[in-house]
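Okay, structure first, notes after.
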Amino acid sequence: KKTKKKYLTSEECAEIVERNKMERWEKRCKELSDFKLAHGHCNVPKSFIPRSLHSWVIKQRMDKKKMDSGMPCGGMNNKRAEILTRMGFQWTIGQQHKHDAWDS
């Protein structure tokens, strides 16, 4: 007797995709938290390995700017912005605040 394959509905697929996105964001947020504990700030330099954390930080700034402008914002929302703000995340970076080299 053959069992019939059960396929996911589009809603179930969308839910899985959203859950995976949330888990990836939370993983990066944890990496940023670990970085801050080690270095005292959230400004990940380009030279930091893994480079993906620096890229993620830049993307959060761009997504927040888009969100504040009312544009589609790649998953940024008020809750995520608040989490990052409470961590001490700097949403805008001036030349005097860039950490392109280790200060410690």
Margin query: Give me the 1.4 Å probe accessible area per residue for region 5-104, excluding ligands and nucleic acids, in Å².
Written below: 72
Margin query: Using helices alone, I'd like the mean residue ellipticity at 222 nm for the chain: each DSSP H run of four-plus residues gives -39500 (n - 2.57), total over residue count, nearest 500.
Written below: -19500 deg cm²/dmol
Note to self: Using a 1.4 Å probe on the protein heavy atoms, what percent of the accessible area of the chain belongs to carbon and sulfur?
What the structure shows: 56
Check: Taking the chain as a Gaussian network, Cα atoms linked when under 10 Å apart, which of Gly75, Gly94, Gly40 shows the biggest mean-square fluctuation?
Finding: Gly94
Notebook entry, point to check: Dipole of the chain, Cα-centred, from +1 at each Lys and Arg C-beta and -1 at each Asp and Glu C-beta, to the nearest 20 debye?
Noted result: 620
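Quote the relative contact order of the chain in percent (integer), defining contacts as alpha-carbon pairs under 8 Å separated by 6+ residues. Walk me through the numbers before you get to the answer.
Details: 55 pairs, mean separation 28.1, N = 104.
Reported as a whole number, the value is 27 percent.
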Next item on the list: Any chance you could run the full-extension gain for Asn78 through Glu26? It's 0.36 nm times the residue separation minus the Cα-Cα distance, nm to one decimal.
Entry: 17.2 nm
Note to self: Quick check of the Kirkwood formula: for region 6-79, what is the inverse mean of 1/r over all pairs of different Cα atoms, in Å?
What the structure shows: 14.0
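The values are calculated or read from the model by the stated rules, or taken from the named source; none is laboratory data. Note that the structure is predicted; figures quoted are calculated from it, not measured. All Cβ positions, glycine included, derive from the backbone under ideal geometry; neighbour counts span all protein chains shown. Accessible surface areas use protein heavy atoms only, side chains included; no ligands, DNA or RNA. Shrake-Rupley method; radii C 1.70, N 1.55, O 1.52, S 1.80 Å.
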